[in-house]
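Asker: Have a look at this one before I ask anything.
The values are calculated or read from the model by the stated rules, or taken from the named source; none is laboratory data. Quick caveat: nothing in here was measured; it's all calculated off a predicted structure. Don't worry about glycine lacking a Cβ; one is built from the backbone with ideal geometry, like all the others, and counts go over all protein chains shown. SASA here: full protein model, heavy atoms, side chains in, ligands and nucleic acids out. Shrake-Rupley method; radii C 1.70, N 1.55, O 1.52, S 1.80 Å.
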Amino acid sequence: MDFQLTDDQRALRQGVRDLLAGRFDRDALRAAVDVPGHLDRELWRALGEAGFFALRLPEADGGVGLGLPEAVLVFEEAGRVLLPGPLVATHLAAGTVPGAATGETVVTDADGELLPWLDASDVVLADASGAAPLRSVDPLTPLHRLPGPYAPRTPEAVLLTAAEQLGSAGRTCEMAVQHAREREQFGQPIGAFQAVKHLCAQMLVRTELARAAVYAAAVTGDPVETAAAELLADEAAVRNARDCVQVHGGMGFTWEADVHLHLKRAWVRAGAGRTARETEEVLAAAL
Amino acid sequence: MDLTYTDEEEEFRAKLREWLASVLPGLPPKPSPDDWPGRRAYDLGWQRRLYDAGYAGLHWPADAGGRGATPTQHLIFLEETEKAGAPYVGANFVGLLHAGPTIAAEGTAEQRARWLPPVLRGDEVWCQGFSEPDAGSDLASLRTRAVRDGDHYVVSGSKIWTSHAEVADWCELLVRTDPAAPKHRGITWLAMPMDAPGITVRPLRTLAGSAEFAEMFLDDVRIPVANRVGEENDGWRVTMVTLSFERGTAFVGEVVACRRVLGELAAQARKNGRWDDAVLRRRLGRLNAEFRALWRLTQWNVSESQRAGGVPGIGGSVFKLRYSHARQELFDAAAEVLGAGGALDADHDWTLDRLSSLSYTIAAGTSQIQHNIVAERILGLPKGGK
Ligand SMILES: Cc1cc2nc3c(=O)[nH]c(=O)nc-3n(C[C@H](O)[C@H](O)[C@H](O)COP(=O)(O)OP(=O)(O)OC[C@H]3O[C@@H](n4cnc5c(N)ncnc54)[C@H](O)[C@@H]3O)c2cc1C
C-alpha cells in the first residue's frame with residue numbers, strides 16, 4: 001500500500017498547475033466573467049495539446065494512456081482555477097467524438113436537467129430539443145434547462161466533477177487563510193481570532209476528508225466509494241466557499257472578489273448531479 | 001496512489017490471521033467492566049500472548065525490543081486484531097504508546113533495560129500523570145513541584161484524570177523543577193513507582209458510571225534522580241518526542257469497529273422497521289460516506305508516514321477532529337435505531353459507547369485545541385488572540 005501521489009503524479013499535477021497559471025491567470029478569469037458565454041477556443045486547443053482531454057486514451061490512439069487517478073488530479077487543478085467550459089463532457093467524449101481529444105471540437109452533454117455551454121459547443125450529445133435558456137447564476141457557466149426525463153451522470157462524470165469540487169474547496173480554504181493573515185482589525189490579523197481560525201481549520205478538515213474519498217474512488221472505481229466522494233466533495237466545495245465569503249467580510253460580498261465564483265460554480269456542479277438525498281440513499285443501500 | 005498491499009504485507013496479514021484464529025478461542029472470559037484488577041490481569045495476559053508470538057511492540061524500534069514494523073504492517077495488525085475481535089490494548093495503553101516510546105527514544109541504556117521489557121512482556125502497567133486540576137489544555141502551566149534532595153526528587157502536588165492509576169505499577173509524571181523559568185522550560189519527566197509512600201489515589205467516576213480514571217495526591221513522594229528521563233527542565237521536549245511515535249495508526253482499530261457497528265445498525269434498523277424512516281436511513285448513508293473516507297484518510301496518513309520513514313505527517317489533528325465528531329454522530333444514530341427502550345438502557349453496549357464517545361472531543365487535546373493546532377501549525381495562522 002502506498003496511498004500517496006507517485007513522483008509522476010506529482011509532476012503531472014505541477015505541470016497542469018503551471019500550464020493553467022500561464023494560460024488562465026486571474027486576469028483571464030475576470031475577462032471570462034466579463035464576457036459570459038464566450039469560450040476561449042485557443043485555450044481549449046492548448047488544453048487539448050497538453051493532453052487534458054486525451055489523458056486516458058491509449059497511447060496507440062494518440063492519447064496519454066493514463067488512468068482515472070491522474071484524470072482526477074488534472075480536474076482538481078481545473079477546479080482550483082475555475083477553468084470554464086464543458087470540460088468533463090469533452091474529456092469523456094475524447095475516444096468517440098472526432099476532434100474532442102485534441103481540443104478542436106468542444107463537446108457538451110446534458111448534466112441532469114441542465115445543458116451547459118450549448119451555444120459555444122460544436123457537438124451536443126444530449127437531445128437539445130426543447131432546451132430553454134436560463135440566466136445562469138454562475139457567470140462562468142451558461143445553462144439551458146432541459147425537459148425531462150434526465151439521464152443520471154455516469155460514474156466517471158460523477159468522479160471528475162467531484163475532483164473539480166475538491167480543487168475548489170482547497171482553493172477557497174487557501175484564499176480564506178491568506179486573507180486572514182493579511183487583514184487586520186483590533187490591531188491584529190483577523191486570523192489570530194479563534195472564531196476565524198476555527199472556520200479555516202474546518203475548511204481544511206473538509207478538504208482533506210474529501211481528498212481521501214475522491215482519490216480512493218479514483219483508484220478503486222467502486223460505485224459506493226464514488227458516491228461517498230461525491231457527497232463529501234460537494235459539501236466541502238459549497239461550505240468552504242460560504243465560509244470563505246464570511247472570512248472576507250464585506251469584501252466577500254462583492255462581485256470583485258473571486259469567492260462568489262467558487263460558490264456559484266460549486267452550486268452548479270452539485271445541483272446538476274444527484275441530490276445529496278439520493279446519494280445518501282445509495283450509501284445507505286450499500287450498508 | 002496504490003491501495004493494494006504487497007505480497008510481503010499480505011503474508012504478514014495471513015500469518016497474523018492464522019495466529020489470531022488459533023489463540024482467541026483459548027482466552028479467558030472477559031472480566032466485568034468494574035473489575036479493575038481482573039481487567040489488568042486480562043489485558044496483561046493478552047500482551048503476554050502477543051509477546052510470546054512475536055507481536056509485542058510491533059511499531060517499536062528493533063533496538064528497543066520491538067519489531068520495527070512499518071506503519072503499514074502496524075495498520076494491518078490493528079485492522080486484523082479488531083476484525084478478529086481480539087482484546088484492546090486496554091491497561092497497556094500508556095506503556096506501549098506513551099511512556100515506553102518516550103523511554104525508548106530518550107532513556108539511558110539502563111533505563112531502557114529496566115522499563116521496556118516488562119511493558120512488552122505484559123508484566124507492568126503504566127499510567128500518565130500529566131493533567132492537573134489547573135493544567136489541562138494549558139498543560140505546560142502544571143504546578144506539581146519536585147525539589148532536589150540529594151539523589152532524590154521530593155514531589156508534591158496533585159494530578160487528575162489519570163487513567164488506570166489504580167492498577168498501574170508506574171506513572172510517567174511531569175513535574176515542575178524550575179518555577180522561575182518560562183513555563184515550558186521548567187518541566188521534568190520522571191518515572192514514579194506507584195507503590196511509593198505519599199501517593200494517594202482516589203478513583204473518579206466517569207459519566208458512564210465506571211471508575212476508569214482517578215485523582216492522585218502526591219505528598220512528599222521521594223523519586224530517585226535515576227528515574228529521570230532526559231535532562232532536568234527538559235521534560236517538555238522529552239514528552240513531545242513521544243508524539244512522534246504516532247504514525248497515523250492511533251485510531252485504526254476504532255475506525256474498523258465503527259464501520260462494523262454501522263453495518264449492525266443498518267441490519268437492526270431493517271429488522272425493527274426503523275429503516276422505513278428516510279431521515280434515519282439517509283443519516284446512516286452519510287455516516288457510511290464519513291467512515292469510508294476516514295478509513296481512506298487513515299491509509300493516506302499511514303502511507304505518508306511510511307514514506308517519511310515512520311515520521312508522522314501533520315494529518316493526525318485533521319483526522320482526530322473529524323473522527324471524534326463522526327463517532328459521536330454514529331452512536332447518536334445508534335440511539336435512534338434502538339428506540340427509547342434500548343437507547344435509555346444503561347446496560348446496552350451502544351448506550352455505553354454513546355456515553356463514552358463524549359470523551360473523544362476532550363481527551364488527548366480537545367477539539368478546540370485541535371482546531372488551534374490545525375490553524376496555527378498547518379495553515380500558518382498567527383498564534384494568540386482571543
Ligand atoms: C476519558 C479521559 C481520560 C483521560 N486520561 C488522562 C490521563 O491518563 N492522563 C492525563 O494526564 N490526562 C488525562 N485526561 C485529561 C485530558 O488530557 C484533559 O481533560 C484535556 O487535556 C482537557 O483539559 P481540561 O479537562 O482541564 O479542560 P480545560 O483545558 O479546562 O478545557 C475546558 C474547555 O475550555 C476549552 N479551552 C481551553 N483552552 C482553550 C483555548 N486555548 N482555546 C479554546 N478553547 C479552550 C476546551 O476546549 C474545553 O472545551 C483524560 C481525559 C479524559 C476525558
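Asker: Please report the buried accessible area for the interface of A with B, total over both chains, probe 1.4 Å, in Å² to the nearest 100.
Answerer: 4700 Å²
Asker: What three numbers, in Å, describe the spread of the alpha carbons of the stretch B:94-175 along their principal axes, ordered from the longest?
Answerer: 35, 31, 22
Asker: Follow-up question, since we're still on this one. Please identify the GluC sites (Glu not before Pro) of the stretch B:67-109 that satisfy two criteria: DSSP loop assignment and at most 11 other Cβ atoms within 10 Å. Which are they?
Answerer: Listed in order of number, the matching sites amount to none.
Asker: Using all C-alpha to C-alpha distances in the stretch B:166-286, build P(r) with 5 Å bins and read off the rounded percent in each one.
Answerer: Bin by bin from 0 Å, the calculated values are 2, 9, 11, 11, 12, 13, 10, 7, 6, 7, 6, 4, 2, 0.
Asker: Pick out, from B:338, B:156, A:237, the residue whose Cα sits farthest towards the positive end of the charge dipole of the protein assembly as shown, with +1 on the Cβ of Lys and Arg and -1 on the Cβ of Asp and Glu.
Answerer: About the Cα centre, the residue reaching furthest to the positive side is B:156.
Asker: For chain A, would you read off the P(r) tail past 32 Å as a percentage of all alpha carbon pairs?
Answerer: Result: 23 percent of Cα pairs exceed 32 Å.
Asker: Let me understand chain B better: what is its radius of gyration from the alpha carbons, and its Dmax, in angstrom?
Answerer: 21.6, 73
Asker: Sticking with this one: With θ taken as phi - 60° and the coefficients 6.51, -1.76 and 1.60, list the Karplus ³J(HN,Hα) couplings across the stretch B:189-197 in order, rounded to whole Hz; mark glycine and proline as x.
Answerer: Those phi angles translate into 9, 10, 9, 9, x, 6, 9, 5, x Hz.
Asker: Could you calculate, for the protein assembly as shown, the ratio of the Cα radius of gyration to the Kirkwood radius, expressed as Rg to Rh?
Answerer: 1.02
Asker: Using just the helices of chain A, give the 222 nm mean residue ellipticity in deg cm²/dmol: DSSP H runs with n ≥ 4 each add -39,500 (n - 2.57), and the total is spread over all residues, rounded to 500.
Answerer: Rounded to the nearest 500, the figure is -18500 deg cm²/dmol.
Asker: Further question: Among all lysine pairs in the protein assembly as shown that are eight or more places apart or on different chains, how many have alpha carbons less than 24 angstrom apart?
Answerer: 12
Asker: Once the Cα atoms of helix A:155-182 and of chain A are each reduced to a long axis, what angle between those two axes, in degrees from 0 to 90 to the nearest 10, is obtained?
Answerer: Compared with the principal axis, the helix lies near 20 degrees.
Asker: In what order, largest first, do B:178, B:43 sit by accessible area if the probe radius is 1.4 Å?
Answerer: Ranked list, largest accessible area first: B:178, B:43.
Asker: Give the Kirkwood hydrodynamic radius (Å, one decimal) of the stretch A:69-163, defined as one over the mean of 1/r across all pairs of different Cα atoms.
Answerer: Result for the stretch A:69-163, one decimal place: 13.7 Å.
Asker: Counting Lys +1, Arg +1, Asp -1, Glu -1, what net charge surrounds residue B:64 among other residues with beta carbon under 12 Å of its beta carbon?
Answerer: 0
Asker: What number, in nm² with one decimal, is the all-direction average of the projected area of the convex hull of the alpha-carbon atoms of the stretch B:251-378?
Answerer: 8.4 nm²
Asker: Based on the Kirkwood radius over alpha-carbon pairs, what value in µm²/s does the Stokes-Einstein equation return for the translational diffusion coefficient of the stretch A:130-224 at 25 °C and 0.890 mPa s?
Answerer: Calculated translational D: 149 µm²/s.
Asker: With every protein chain in place, what's the accessible area of residue A:235 (1.4 Å probe, Å², nearest 10)?
Answerer: It works out to around 40 Å².
Asker: Restricting attention to the alpha-carbon atoms of the stretch B:7-88, what are Rg (one decimal) and Dmax (integer), both in Å?
Answerer: 13.5, 43
Asker: From the P(r) of the stretch A:7-145, could you give the percentage of C-alpha pairs in the tail past 27 Å?
Answerer: 18 percent
Asker: Same structure again: Regarding the stretch A:16-66, what's the average projected area of the Cα-atom convex hull, expressed in nm²?
Answerer: Seen from a random direction, the Cα hull of the stretch A:16-66 projects 4.0 nm² on average.
Asker: Starting from 0 in steps of 5 Å, tell me what percent of the Cα-Cα pairs of the stretch A:178-287 lands in each bin.
Answerer: With 5 Å bins starting at 0, P(r) equals 2, 12, 17, 19, 17, 12, 9, 7, 3, 1, 0.
Asker: Using just the helices of chain B, give the 222 nm mean residue ellipticity in deg cm²/dmol: DSSP H runs with n ≥ 4 each add -39,500 (n - 2.57), and the total is spread over all residues, rounded to 500.
Answerer: After summing the helix terms and dividing by the residues of chain B, the value is -14500 deg cm²/dmol.
Asker: In addition: Suppose each label sits 7 Å from its Cα in the direction of the beta carbon; what would the residue B:152-residue B:358 distance come out to in nanometres?
Answerer: With each label placed 7 Å out from Cα toward Cβ, I get 4.2 nm.
Asker: At a 1.4 Å probe radius, which order do A:150, B:55 fall into by accessible area, largest first?
Answerer: Result, largest first: A:150, B:55.
Asker: In the stretch B:127-233, how does Rg compare with the Kirkwood Rh, expressed as the Rg/Rh ratio over alpha carbon atoms?
Answerer: Here Rg/Rh amounts to 0.97.
Asker: Distance between the C-alpha centers of the stretch A:256-287 and the stretch A:64-98? Whole Å please.
Answerer: Centre-to-centre distance over Cα atoms comes out at 19 Å.
Asker: Right, here's the next one. Which angle between 0 and 90 degrees, to the nearest 10, do you get for helix B:36-53 versus the longest principal axis of chain B when only C-alpha atoms count?
Answerer: Here the helix axis deviates by roughly 80 degrees.
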